[in-house]
Amino acid sequence: MKPNKHKATHSAEREFGGALGATCIPVFLPLTVLYLLSVCRSPAASVLQWPPPLPPAAHLWDPLAAVLIVGWITLQSFLYLLPMGKVSEGLVLRDGSRLKYAINGFNALSITAVLLLICLWLGMPLGYLFDLILPLAVCAIGVSYLLSMYLYIRSFWAPQHALSLGGNTGNPLYDFFMGRELNPRIGDFDLKYFCELRPGLIGWVVINLGMLMKEVELRGSPSLAMLLVNGFQLLYVTDALWNEEAVLTTMDIVHDGFGFMLAFGDLAWVPFTYGLQAMFLVVHPQSLSTLGAAGIILLNGIGYYIFRKSNSQKNQFRRDPTHKSVSQLETIATATGTRLLVSGWWGFVRHPNYLGDLLMALAWSLPCGMLHILPYFYVIYFTILLIHREARDEKQCRAKYGLAWDTYCRRVPYRIIPYIY
Ligand code: NDP
């Protein structure tokens, strides 16, 4: 097949600050990961300290980290390819076809958990992940760069209909960042779908467990705060993998190409910044009262309830609007033939799932106390991400549903937080 470079120039409005953003973000975000990890491990843990507690270059590289990262991705690839779980079809693509996806992420998590238990039983020092965290992050960043380069180059041999609409502007830096090909595959191995929920997401909870084990090494037992952070985030990851099929209808899979933005986000950003709280607790132990812990558990429970119920309601409605759990809900028609929910969770605010997610994010930070801003990094970043994501989604829905979307916005005026936003 001939390279497609002369054909692939869709005119698309540029996102993430256009070419300038796409040039700066791949430099700025990897440095941010390393900076956050370094500050988190420093005694002051202050983002304002000057000079920042940057590690010497020699602390950034360890061959063991490279072995672990390659071994980890190989293990997760192997589990992905195992013939377990069901096979689902994705949404209809532009050429009318539908791709098949193995829904076995939960099986991969369960097998990984058993393997980890065996490792612990054999006495492997999982707490060493704390000491190795910077070289591990450097290797994960390196892998995401290499993968993005491979994805960019191979996209020139993809057929026109397999390219994403947003990542084919003809500007190499922007397209490298956004991703040109929508669903790059090697045989049946779907690279974007694999990266979306496996190595990074499962890696995140493994790193958390490593932090817990480091705390045990240092203080004899895990603290209540550490147990809460580990428990909450494990629930979140388990939920994502249990409901893996739902990822097939998300923006990332349906709309975005696979480029640096998703590769880096999935493989480096998520595992190394979402769990900063556990790392913070290793160096900055917190004592938590039973009442405080109960309040935080309640907050996480409420957030999880809103998040899960609203996501499930929409997924059910999209899969089968006649199902008894959603058939009584009020809806409005759109010109595309698809209906929009205007009652139930989606009549409460326009993104109830984001509201639940944000409440959980806050509950993950609170066990770290109120004296440092760093453990609140996730909730601050996530608020910005979800506001931006909501705006992107809103734009797409308005383009797709036109007047019906405006009617929905009038009926449900608040985006994420009732009476506030
Ligand atoms: P959503 O699940 O919010 O889906 C948005 C889509 O839902 C719209 O494009 C539209 O698609 C459909 N929709 C919107 N309003 C209605 C309505 N009233 N009735 C029926 N359908 C409607 O998208 P996301 O992928 O952003 O989020 C999924 C989950 O993942 C969320 O819980 C979010 O918080 C979480 N998330 C977590 C991240 C993390 O890093 N932890 C990052 C990003 C997301 P259509 O009409 O075409 O079906």
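The values are calculated or read from the model by the stated rules, or taken from the named source; none is laboratory data. What you are looking at is a predicted structure, and each value in this text was computed from that prediction instead of being measured. For neighbour counting, all protein chains shown are included, and Cβ atoms are generated from backbone atoms with ideal geometry for every residue, glycine included. Accessible surface is based on the protein model in full, side chains and every heavy atom, while ligands, DNA and RNA are left aside. Shrake-Rupley method; radii C 1.70, N 1.55, O 1.52, S 1.80 Å.
Numbers for the structure displayed
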quantity: Close pairs from segment 315-326: first in contact (Cβ under 8 Å) with a residue 12 or more places away in the chain and in the same structural domain as Leu341 (by the TED database), partner open to solvent by 100 Å² or more (accessible area, probe 1.4 Å) and near the ligand (Cβ under 10 Å from one of its atoms), Cβ under 6 Å, at least 6 apart; calculated: none
quantity: Tally of residues being assigned to a helix (DSSP H, G or I) and open to solvent by 20 Å² or more (accessible area, probe 1.4 Å) across segment 154-171; calculated: 6
quantity: Options Tyr421, Tyr414, Tyr408, Tyr401; residue that is in contact (Cβ under 8 Å) with a residue 60 or more places away in the chain and open to solvent by 50 Å² or more (accessible area, probe 1.4 Å); calculated: Tyr414
quantity: Members of segment 220-277 found to be open to solvent by less than 10 Å² (accessible area, probe 1.4 Å) and away from the ligand (no atom under 16 Å from the Cβ), listed by number; calculated: Ala225, Met226, Gly259, Phe260
quantity: Per-region count, segment 366-421, residues more than 21 Å from His255 (Cβ to Cβ), within 11 Å of the ligand (Cβ to nearest atom) and assigned to a loop (DSSP other than H, G, I, E, B); calculated: 1
quantity: Verdict on Val47 being of a type in the set (Val, Ile, Thr), out of contact with any Lys or Arg (no Cβ under 6 Å at 6 or more places or on another chain), at pLDDT below 95 and open to solvent by less than 60 Å² (accessible area, probe 1.4 Å); calculated: yes
quantity: Breaking point among (1) touching a helix residue (DSSP H, G or I) at 6+ places or on another chain (Cβ under 6 Å); (2) farther than 23 Å from Leu201 by Cα, for Arg98; calculated: (1)
quantity: Any hit, segment 278-296, residues being assigned to a helix (DSSP H, G or I), open to solvent by 50 Å² or more (accessible area, probe 1.4 Å) and at pLDDT below 90; calculated: no
quantity: Failed item, numbered, when Phe258 is tested on (1) closer than 29 Å to Ser42 by Cα; (2) assigned by the TED database to the domain that holds Pro43; calculated: (1)
quantity: Of all residues making up segment 237-270, the number that are in a helix (DSSP H, G or I) and touching a Leu at 6+ places or on another chain (Cβ under 9 Å); calculated: 21
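Yes/no per residue for (1) open to solvent by 30 Å² or more (accessible area, probe 1.4 Å); (2) over 22 Å from Glu390 (Cβ atoms):
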{"site": "Ile302", "(1), (2)": "yes, no"}
{"site": "Lys309", "(1), (2)": "yes, no"}
{"site": "Gln316", "(1), (2)": "yes, no"}
{"site": "Arg319", "(1), (2)": "yes, yes"}
{"site": "Ala335", "(1), (2)": "yes, yes"}
{"site": "Pro352", "(1), (2)": "no, no"}
{"site": "Trp364", "(1), (2)": "no, no"}
{"site": "Pro367", "(1), (2)": "no, yes"}
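Yes/no per residue for (1) among the aliphatic types (A, V, I, L, M); (2) closer than 23 Å to Trp204 by Cα:
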{"position": "Ala65", "(1), (2)": "yes, yes"}
{"position": "Leu68", "(1), (2)": "yes, yes"}
{"position": "Leu91", "(1), (2)": "yes, no"}
{"position": "Asn104", "(1), (2)": "no, yes"}
{"position": "Leu117", "(1), (2)": "yes, yes"}
{"position": "Leu126", "(1), (2)": "yes, yes"}
{"position": "Ile133", "(1), (2)": "yes, yes"}
{"position": "Leu146", "(1), (2)": "yes, yes"}
